[in-house]
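Read through the structure below, which is laid out as structure tokens, and then see the notes.
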Amino acid sequence: MEKTATFSIAGLTFDWNVVISTLVVVAVVFLLALWTSRKLVLKPAGKSKQNMLEWVIDFTNNIVDGSLPNKTGNGLKFFIFSLFLFIFVGNQLGVAFTVAVNGDTFLNSPTANPLVTMTLALIAISIAHFLGVEKQGFKNYFKSVYLSPFSVLLPLNLIEQFTSFLTLGLRLFGNIFAGEMVLSLLWQLAQSAGVVSFVPAFVLTIIWQAFSLFIGAIQAFVFVTLTTVYVSEKTE
Amino acid sequence: MFNQIVLAGASEGLALGNMLFVLVAFLVLMLLLKKYAWGPVVKMMEKRAEKVAHDLDTAQDAREEAEKMAAQRAEQLQSARSEANGIVADAKEAANQQRDKIVEDAQKDAQAAKDQAGAQIAQERSEAMADIKSDVAELSVTIAQKIIQKELKLDDQKALIDAYIEGLGKK
């Protein structure tokens, strides 16, 4: 986990770990969505895959409507849907697979990497601020976000905006990173004393994986919910 | 991992490269999802919502229509029933009249027949009486001739018989 293999293109350095994990997540999300959206019908049967996709869409749409029941929210629905799927699948990826070669991790949850989660947080927060300016005009946006309730609170508001960005990314990173950390510790425990430690570590791993699935789902939900809340804060 | 954040400041290349990669990958994912999953599915969902709304409207119209027709039917049924009642009542009245007339006619006919029969009987009786009178007269003359072997004058005889029959009639 500590060490990663890197490569450089045009002066930019890339992490193999981040690149591979992100690509796998993108591929999985896309293939899942593609598979569930084939042969669409007006009236899907009881347990069709179309219903599954529509359930996810309804779920994320409801999250958006919870804090943004307006036109802004409607425009945001697709972004929230994609974000939710990306984070959800990203969170679960490391629960099932972690591939490391010679101590270099190549595949795990991309969301266990702070750079990835901060990027996602940056996208979300940028959209929130952008929409704030777009809906209210720069003057009103500045007033309502940085100078309310009193203009004296400008420094506090600046800090608040920055911390909301920071916590949005770090919360996700912390949860998923901790989950993976425990899984790798359990793997070390399993290796430590043969069968004596392997069996209990195996059981504990199953339990922890179940918990991580739950945490991963909750964190994906929290991330998108907070995104909609931030957007609604800036646009109203 | 926190080293990485600290490092991000020092070696900007690593942070920037990874962040750019994630950003681009996410944007590509959004494009793909929009084109292949979200777009068609949302379109289908909208179509469904539209259809449901349309079907509900149609059902509402159909129900109103049905209610209207039911009311119309009830009204027609009511009028037909009253009409039928009128017809039955008329027919009953006509039948009553006809019955009365028939009975009256029959009584009249019967009376006439009775009267006629009575008259005929009376006439026949008087004719028969007259026949009997003459027959008895002749018969008694013949009998008397035979019995007394004595010729009587027909007129005397007749007077005698008449007196006798007169006596019978009084009895």
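Structure above, values below:
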read-out: Condition met for A:Leu153 (of a type in the set (A, V, I, L, M), at pLDDT below 90 and closer than 23 Å to A:Phe221 by Cα); value: no
read-out: Qualifying positions in the range A:28-40 - assigned to a helix (DSSP H, G or I), at the interface with another protein chain (Cβ under 9 Å from one of its Cβ atoms), open to solvent by 30 Å² or more (accessible area, probe 1.4 Å) and not aromatic (Phe, Trp, Tyr); value: A:Leu32, A:Leu34
read-out: Total residues in the range A:186-236, condition open to solvent by 70 Å² or more (accessible area, probe 1.4 Å) and outside any helix (DSSP H, G or I); value: 1
read-out: Residues located in the range A:41-76, provided they are open to solvent by less than 60 Å² (accessible area, probe 1.4 Å), closer than 20 Å to B:Glu50 by Cβ and in contact with a Leu (Cβ under 9 Å, 6 or more places away or on another chain); value: A:Gln50, A:Leu53
read-out: Residue under evaluation A:Pro69, criteria (1) free of Cβ contacts under 8 Å to residues at least 12 places away in the same chain; (2) outside any loop (DSSP other than H, G, I, E, B); (3) away from chain B (no Cβ under 11 Å), criterion not met; value: (2)
read-out: Of residues in the range A:1-27 being more than 10 Å from chain B (Cβ to nearest Cβ) and open to solvent by 40 Å² or more (accessible area, probe 1.4 Å), the one farthest from A:Phe84 (Cα to Cα); value: A:Lys3
read-out: Test: residue in the range A:97-111 that is touching a residue at least 40 places away in the same chain (Cβ under 8 Å), within 13 Å of chain B (Cβ to nearest Cβ) and open to solvent by 20 Å² or more (accessible area, probe 1.4 Å); value: no
read-out: Cross-chain or 6+ apart pairs with Cβ under 9 Å, the range B:152-163 first and part of a helix (DSSP H, G or I), then of a type in the set (Ser, Thr, Tyr); value: B:Gln157/B:Ser140; B:Leu160/B:Ser140; B:Ile161/B:Ser140
read-out: Residues of the range B:108-118 classified as open to solvent by 60 Å² or more (accessible area, probe 1.4 Å) and either closer than 30 Å to B:Gly169 by Cβ or touching a residue at least 40 places away in the same chain (Cβ under 8 Å) (or both), total; value: 3
read-out: Per-region count, the range A:31-43, residues farther than 22 Å from A:Thr98 by Cβ and modelled with pLDDT of 85 or more; value: 4
read-out: Flag if B:Glu64 is open to solvent by 90 Å² or more (accessible area, probe 1.4 Å) and either at pLDDT 90 or above or farther than 30 Å from A:Leu53 by Cβ (or both); value: yes
read-out: Residue list for the range B:17-39, filter: open to solvent by less than 50 Å² (accessible area, probe 1.4 Å), at the interface with chain A (Cβ under 7 Å from one of its Cβ atoms), farther than 14 Å from A:Ser21 by Cα and not aromatic (Phe, Trp, Tyr); value: B:Gly17, B:Met30, B:Leu33, B:Ala37
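The values are calculated or read from the model by the stated rules, or taken from the named source; none is laboratory data. Note that this is a predicted model, so its numbers are computed, not measured. Note: ideal-geometry Cβ built from the backbone for every residue, glycine included; neighbour counts use all protein chains shown. For the accessible areas, the whole protein counts, side chains as well, though only heavy atoms, and no ligand, DNA or RNA atoms are used. Shrake-Rupley method; radii C 1.70, N 1.55, O 1.52, S 1.80 Å.
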